[in-house]
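Bear in mind these aren't lab numbers, they're just calculated from the coordinates by the rules spelled out. Predicted model, so just to flag it, every value in this text is computed and none were measured. All Cβ positions, glycine included, derive from the backbone under ideal geometry; neighbour counts span all protein chains shown.
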Amino acid sequence: MTGFTNSGFENDEPVKPKVGFEPDTASLREKVILNPGEKWRILKNITIISFAFMVQFTAFQGTANLQSSINATDGLGTVSLSAIYAALVVSCIFLPTLIIRKLTAKWTLVFSMLCYAPYIAFQLFPRFYTLVPAGILVGLGAAPMWASKATYLTQVGQVYAKITEQAVDAIIVRFFGFFFLAWQTAELWGNLISSLVLSSGAHGGGSSSSSVNNTITAEDLQFCGANFCVHRVNGHSNLERPPEHEIFEISMIYLSCILAAVAIIAIFLDPLKRYGEKRKGSQSAQELSGMQLLSATFRQMKKPNQQLLIPITVFIGMEQAFIGADFTQAYVSCALGIHQIGFVMICFGVVNAVCSILFGSVMKYIGRTPIIVLGAVVHFTLISVELFWRPSPDNPIIFYAMSGLWGVGDAVWQTQINGLYGLLFRRNKEAAFSNYRLWESAGFVIAYAYATTLCARMKLYILLAVLTLGCMGYVIVEILYRRKQRKVKRQEKDEFDKKEKEKEAEANKTGIDSNINGLPVPVEETDDELDDLEEDIILFLHFSL
């Protein structure tokens, strides 16, 4: 020291930050330097992750759609599905943010997808002590898998929007639309495989000597549709388990699909670090403790928008559980036979896939609200019709129409609500999509929990009630979001006008270029609707003469 004393700081003591203090994440920000041509690589990664999920769920969806029929004894199939989604609820709370931080998004996908393999393999030996634990493993792996997928799509969507100078929300919805296009085609391939294998012997439920129409009786048919109750159908001729050699053939095909999907992600997908996995605002950007990461998921539940979206998110799980378990058993298997499940569900998958990409593309022209109104109208109508429709093998076309229209409604919810989560909660993507999977899984668990005790009619009434509540919540979210957007634009305009006046006054005195410091002062951020992505992405432009 030089001997100089500054008495002004004589009594100052170091001050520890308050408990819960979160440092400015600017020091944690990852600058992303990209060439404009990177958009093609982003599209390649979107294609890879979509294709891998299609292969993965060719196996899982095909297996799940058969559970309530091929493992109907004591409700084993439905119980195993319930175990999957009960474990998924727990996994959504505790695992996604922690595992994504530890393994990164790419390797979380790899290890989570592997968790599906035992469930497929144990279809060869279906017991409560094999399928239920295997289902729990699927549930534990599913939440990190879906959260990392959603995080990956949202983050590269934001980067793509910056590169192409397009609206972020439209790009995110478009990417989700493309993903669900591929994902929903899994219904086609998985159900096609099961139907071709099961119908090779021309049997409806294990009997190779007679067709469905010859074995179904009028007495059996009167218990189909809304009148279907699991405890009343023992001995139903269309609900017998298929031969074991056919189950073995299906299981081996599906198990190969799981392993292929894992290999595709591990070998061909670029790590998310390339696009700023640890950018400011991302939970993975901060070295948080496990408890802090867990609390991030719970904090997400306190946000008003999240709370209002819970009912519609629960409905998404319930309607998928209904089409995959109750519709296939109470309507398709009961009236047509098990071997027809795949063909009917193919219609659901194809329509769902086409509508997913269609809705993702047209949203930028007509907005989100008209599409969601369409989904609500379709599902309200279908549920009402199914309350009174009496299924009969004499009119098979009706089964395909009902299945296809259900695919239209599901495509609306899958693309638009996923996109809405990505738009509203950009700062906390992992926690937000973890909540999405949590409440969607809660819908599955609720539906499977009463699957063996309630008749189909009561299940339809419950669906109507939850859908009504969900639509009310969505309307409020949309009103709040639009009100905020108008406020932001008004404030930006006022700040811009104020700065323009100040610039003109300064320019008259100093001659400073009027283009300097002419941008509006950013509006104060509230909640997590805004993101700092634009500050973190630097486009590297190379010009050659």
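Relative to the current alpha-carbon distance between GLN222 and LEU103, full extension at 0.36 nm per residue lengthens the span by 37.5 nm. Between PHE94 and GLU502, the distance separating the two model label sites (each 7 Å from Cα on the Cα→Cβ line) works out to 5.2 nm. Using the average count of surrounding beta-carbon atoms within 10 Å as a protection proxy, the listed peptides 348-358, 77-87 rank, highest first, as 77-87, 348-358. Label positions at ASN395 and ALA167, each projected 7 Å from the Cα along the C-beta direction, are separated by 4.2 nm. Scalar couplings 3J(HN,Hα) for region 170-178, obtained by applying the Karplus form with A = 6.51, B = -1.76, C = 1.60 to θ = phi - 60°, are 5, 5, 4, 5, 5, 5, 5, x, 5 Hz; x denotes Gly and Pro.
Based on every Cα atom in region 415-502, Rg and the maximum pairwise Cα distance Dmax equal 20.0, 71 Å.
One chain, two ends: ILE48 and GLU495. Fully extended at 0.36 nm per residue, the span grows by 156.5 nm beyond their Cα-Cα distance. A straight chain from LEU124 to LYS484 at 0.36 nm per residue would run longer than the Cα-Cα distance by 124.1 nm. Each of the peptides 390-399, 147-156 was scored by the mean count of other Cβ atoms within 10 Å over its residues; in descending order, highest first, they stand as 147-156, 390-399.
Rounded to the nearest Hz, the phi-derived 3J(HN,Hα) couplings of region 397-408 under the Karplus curve 6.51 cos²θ - 1.76 cosθ + 1.60 (θ = phi - 60°) are 4, 5, 4, 5, 5, 5, 5, x, 5, 4, x, 4, where x marks glycine and proline.
Overall size of region 68-136 from C-alpha positions, given as principal axis extents largest first: 42, 22, 18 Å.
Averaged over residues, the count of other Cβ atoms within 10 Å places the peptides 498-505, 300-307, 311-318 in the sequence 311-318, 300-307, 498-505, highest first.
When you filter the trypsin sites (Lys or Arg not before Pro) in region 91-148 for DSSP loop state and at most 14 other Cβ atoms inside 10 Å of their Cβ, you are left with ARG127. Look at where the Cα atoms of region 315-392 and of region 442-510 average out, and the two centres are 25 Å apart. The LYS273 and ARG299 beta-carbon pair, evaluated with R₀ = 25 Å, returns a calculated FRET efficiency of approximately 0.45.
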